[in-house]
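This report concerns only the one structure given below.
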Amino acid sequence: MPTSPQNQFFKNIEKNRQRKTKVTDTQINLAHGSGGKAMRDLIDDIFVTNFSNPNNPSLSQLEDQAKLNLSNLIQLGDKLAFTTDSYVVEPLFFPGSNIGELAINGTVNDLAVGGAKPLYLTCSVILEEGLSVETLRQVAQSMQAAAQKAEVQIVTGDTKVVPRGAADKLFINTTGIGVIPPNICISASNIKPGDAIIINGEIGNHGTAILIARGELALESDIKSDCQPLHDLVATILDVCPEIHAMRDATRGGLATVLNEFALTSNVGISLEEESIPIREEVKGVCEILGLEPFYLANEGKLVVVVASENADKVLSAMKSHQAGKNAAIIGKVTDSPPGIVSLKTSFGAERIIDMLVGEQLPRIC
């Protein structure tokens, strides 16, 4: 039976709705946030095209929420880990990484250091009118590549557009869900005197790379951001020692801030050995020139582990066996006094206090 012109008309409308349309605009405009066809085309072309795959049915349904199978989560553990973070880094692309990769790895790492297996992420973006569509496409591609590497799925998201001057090119928010296996209890409140403190590698690379990438200083260096996912390193650590007392990634505020938070939470002292802390000579040089303290510089691929002293050597060995921990080192110990204080034994034999960061050494770092 021949199709009536009216039925064919509605079929053509449905066909057009299902077609993935490539964005023809070269720059983001306010129509891309209006909720109409321009916005749908942008989402289809930039986000759905990059984030969808046969193993990610939640995203491909394009509902207002992602539907996740609870039975699958229960098989992996007995506690849900849930975190969120926003990324406003300047510049968007910097040596070794970019805002998209940073957003994925940062949220994955926030889940991982709690002992969770990261599983699902959201992606919400705030776009400034005038942002290059090609820049946004490159960021989305980086996000998907990072998500695949971290073995997570981007399952839902949101897009907003603001007028010129109301933002700075692109802001990203990512929320993450993971599952913590039974018998894993990682918390700063577990820290005890005598515990060893371990870091998985050189500090300050991310902060230094961002500083130089801004081009405000006549400095040249091959330093790259240490942006990387840490979930697999954490799994390696927990395989040999599930009884990790505390673990945290040292991002904004750097190593000093993490350790001060540990000391205050558990009301203990922390004593560091300066010569044991891995720092590149180039990072030291930049800090000396600018009067910065490397212990406060941001990192995006470094975690601090606190573990009972009798387990320290096997944890260190496990970390060194992993690519993300090949430069790991024991950098200090937990003491019973003075409580709430982090001190540093310098290479000259003196001792000084490393306090919590006051103010901001470098804004828009992540």
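Exposure check, 1.4 Å probe, all protein chains in place: H32 carries approximately 0 Å² of accessible surface. The residues of the stretch 64-107 have, on average, 51 Å² of accessible surface per residue, using a 1.4 Å probe with all protein chains present.
Between the amide H of G157 and those of C123, distances stay under 5 Å, these residues lying 5 or more places away or on another chain, with hydrogens modeled in the peptide plane. Segment D158..E90, full-extension length gain: 22.3 nm, with 0.36 nm per residue of separation and the alpha-carbon distance subtracted. Dipole check for the stretch 155-240: with +1 at the C-beta of Lys and Arg, -1 at the C-beta of Asp and Glu, and the Cα centre as origin, the magnitude is about 400 Debye.
With only the Cα atoms considered, the stretch 64-146 has a convex hull volume of 121 Å³ per residue.
Dipole magnitude for the chain: computed about the Cα centre from +1 point charges on Lys and Arg Cβ and -1 point charges on Asp and Glu Cβ, it is near 1320 debye.
Full extension of the chain between K314 and S343 yields a length gain of 7.9 nm, computed as 0.36 nm times the residue separation minus the alpha carbon distance.
Here r is the Cβ-Cβ distance between T236 and N53 and R0 is 35 Å; the resulting FRET efficiency, rounded to 0.05, is 0.85. Across the stretch 169-178, rounded Karplus estimates of 3J(HN,Hα) from the backbone phi angles (6.51 cos²θ - 1.76 cosθ + 1.60, θ = phi - 60°) give 6, 7, 10, 10, 10, 10, 10, x, 10, x Hz, Gly and Pro being marked x. Over what distance in Å are the Cα centres of the stretch 183-208 and the stretch 73-90 separated? A separation of 19 Å, based on Cα centres. Pop the C-beta distance of A166 and A31 into the FRET formula with R0 = 22 Å and round what comes out to the nearest 0.05. The calculated FRET efficiency here is 0.90.
For the chain, the antiparallel share of DSSP beta bridges with both residues in that region comes to about 75%. In this structure E281 has an accessible area near 130 Å², from a 1.4 Å probe over the protein heavy atoms. Placing a pseudo-label 7 Å from each Cα along the Cα-to-Cβ vector at K149 and Q65 gives an inter-label distance of 3.3 nm. Here r is the Cβ-Cβ distance between M356 and S271 and R0 is 25 Å; the resulting FRET efficiency, rounded to 0.05, is 0.90. Spin-label model, F82/D336: points 7 Å from Cα along the beta carbon direction are separated by 4.0 nm. Think of a 1.4 Å ball rolled over the protein heavy atoms: the stretch 202-284 then has 40 Å² of accessible area per residue. In whole Å, what is the distance between the alpha-carbon centres of the stretch 320-342 and the stretch 210-224? About 29 Å separates the Cα centre of the stretch 320-342 from the one of the stretch 210-224. Here the alpha carbons of the chain define both size measures, Rg and Dmax, at 23.2, 94 Å. Using only Cα coordinates, the Kirkwood hydrodynamic radius of the stretch 64-112 works out to 13.3 Å. Across the options T335, S321, I184, the greatest Cα extent toward the positive end of the charge dipole of the chain (unit charges at beta carbon of Lys, Arg, Asp, Glu) belongs to I184. Given the pairs K149/K345; K37/K117; K67/K192; K117/K224, which span a C-alpha to C-alpha distance of over 32 angstrom in this model? Beyond 32 Å: K149/K345; K37/K117; K67/K192. 3J(HN,Hα) couplings calculated from phi for the stretch 277-286 with the Karplus curve 6.51 cos²θ - 1.76 cosθ + 1.60 (θ = phi - 60°) are, in sequence order, 7, x, 9, 5, 4, 5, 5, 4, x, 4 Hz; Gly and Pro show x. Here the scattering of the stretch 18-173 is modelled by Debye summation over its C-alpha atoms, one equal scatterer each and no solvent; at q = 0.10, 0.14, 0.15 Å⁻¹ the log10 of I(q)/I(0) is -0.36, -0.70, -0.80. Length gained on full extension, I74 to S189, computed as 0.36 nm times the residue gap minus the Cα-Cα distance: 38.8 nm.
For the stretch 237-256 versus the stretch 267-313, the inter-centroid distance based on Cα atoms is 13 Å. Y120 sits with roughly 40 Å² accessible to a 1.4 Å probe, with DNA, RNA and ligands left out of the calculation.
Where both partners of a DSSP beta bridge lie in the stretch 245-360, what percent of those bridges are antiparallel, to the nearest 5? Just about 75 percent of them are antiparallel. Computed from backbone phi with θ = phi - 60° and the Karplus coefficients 6.51, -1.76 and 1.60, the 3J(HN,Hα) list for the stretch 144-154 is 5, 4, 5, 5, 5, 5, 8, 6, 10, 10, 8 Hz; x is used for glycine and proline. Among V286, V155, V113, the largest mean-square fluctuation in a Gaussian network model of the chain (Cα springs under 10 Å) belongs to V286.
The values are calculated or read from the model by the stated rules, or taken from the named source; none is laboratory data. What you see is a predicted model, and the numbers here were worked out from it, not measured in a lab. Here Cβ is always computed from backbone atoms with ideal geometry, including for glycine, and neighbour counts include all displayed protein chains. These accessible areas exclude ligands, DNA and RNA; they are computed on the full protein's heavy atoms, side chains included. Shrake-Rupley method; radii C 1.70, N 1.55, O 1.52, S 1.80 Å.
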